[in-house]
Ligand code: SF4
């Protein structure tokens, strides 16, 4: 089987040096190494700099509304659980708008992968503070400093009883590929927090800052230890925090045990009683 190239004919428009390039390359290479046929992959992209990658991948892509990538991702997986479904979301869309979706998909252990492009800013709209921006940070929308406490993504996800939680860095290609590969093959909800520089609008979390603060560890860890590492601020640990093998959502739905919904014959199903009920 020839190597699958997931690169579309549209050239990325990201700023030179943007962390999105590292994530884009790592995901394409991982999908190729896993030999995922293009027709069996669906990427669901949020709105934002990360979400713009919808144009740059050559596979099936759904470009969702801002903060609304996760519901269609879960819906696609429920309609055809033979597909590999990956959501690509930034920190603004995910933790500003989509926390309820995130929380409930984690609880249900829907078998999708969420790749969180975390650059601590709303970058597409020129660098306003995001829910992950540390308290006190001055941005165009917080000239006197951010008032709110920042959300710590790993800590948040761990509190929702997740399947798989990991963190990596756009500046560590081999590590990132390894983590994304483990997340995609995991049979349940997988969350990958990817630290990435926004070289244009974030002058705090710079490449040098990441190089100094990121520290690799070997996981998975116990839930208690994972929670301990998730709140560290002197270092940002990267690795597999936690993995819990429990049945994915679609496995527990009786009608889906007969196979993916899209492959089931539904034309002979009698819905007359249902229609009568709602008349
Ligand atoms: Fe990347 Fe920031 Fe440029 Fe967006 S604004 S493409 S996140 S460097």
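Laboratory data are not the source of any read-out in this text; all were calculated from the coordinates shown. Note that the structure is predicted; figures quoted are calculated from it, not measured. We place every Cβ from the backbone using ideal geometry, glycine too, and count neighbours over all the protein chains shown.
Does region 35-54 include one or more residues that are away from the ligand (no atom under 16 Å from the Cβ), in contact with a helix residue (DSSP H, G or I) (Cβ under 6 Å, 6 or more places away or on another chain) and farther than 30 Å from residue 211 by Cα?
Yes.
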Legend entry - Count of region 56-96 residues which are in contact with a strand residue (DSSP E or B) (Cβ under 8 Å, 6 or more places away or on another chain) and under 18 Å from residue 196 (Cβ atoms): 12
Inset, instruction - Inspect region 37-49 for any residue being under 28 Å from residue 103 (Cβ atoms), outside any helix (DSSP H, G or I) and without any contact (Cβ under 8 Å) to a residue 24 or more places away in the chain and give the result as yes or no. - result: no
Inset, instruction - Tell me, yes or no, whether region 245-255 has at least one residue that is touching a helix residue (DSSP H, G or I) at 6+ places or on another chain (Cβ under 7 Å), within 22 Å of residue 75 (Cα to Cα) and surrounded by 12 or more Cβ atoms within 10 Å (Cβ to Cβ). - result: yes
Legend entry - Check on residue 137, within 16 Å of the ligand (Cβ to nearest atom), surrounded by fewer than 19 Cβ atoms within 10 Å (Cβ to Cβ), over 16 Å from the mean Cα position of the chain (by Cα) and in a loop (DSSP other than H, G, I, E, B): yes
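Conditions tested, residue by residue: (1) away from the ligand (no atom under 16 Å from the Cβ); (2) surrounded by fewer than 24 Cβ atoms within 10 Å (Cβ to Cβ); (3) under 14 Å from residue 163 (Cβ atoms).
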| position | (1), (2), (3) |
| --- | --- |
| 84 | yes, yes, no |
| 88 | no, no, no |
| 91 | no, no, no |
| 94 | no, no, no |
| 101 | yes, yes, no |
| 105 | yes, no, yes |
| 108 | yes, yes, yes |
| 118 | no, no, no |
| 122 | no, no, no |
